[in-house]
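One structure is given below, encoded as structure tokens.
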Amino acid sequence: MPSITIKNIPEALLQKIKESSVANHRSMNAEVIFRLQQVLASEQRQSLSLEKIRALRAKTKNYYLTSTELEAAINSNR
């Protein structure tokens, strides 16, 4: 399996990794891999959501509500 070396880790960060690995019953290596996977998966989910938002915006960019329609929506608790 490939490996990397990380240099110049701030002491405070190293301590947090150690504490987290102990709390989660993982080696420091396993903890770092787990945390990286979490962050990268989260970024991917956010990216997919942003793509969906942009697609919806593109579909509705030429649709405008009148003030009467907006007021009716507000009054109907929507």
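Of all residues being open to solvent by 100 Å² or more (accessible area, probe 1.4 Å) and modelled with pLDDT of 80 or more in region 20-50, which is nearest to the chain's Cα centre (by Cα)? Just the residue, please.
40
Let me spell it out: the conditions are (1) open to solvent by 100 Å² or more (accessible area, probe 1.4 Å); (2) at pLDDT below 90, and residue 58 meets all of them except one. Which number is the exception?
(1)
The values are calculated or read from the model by the stated rules, or taken from the named source; none is laboratory data. Everything quoted here is computed from the prediction, not taken from an experiment. Ligands, DNA and RNA are stripped out before the accessible areas are found, and what is left, the full protein with its side chains, is counted by its heavy atoms. Shrake-Rupley method; radii C 1.70, N 1.55, O 1.52, S 1.80 Å.
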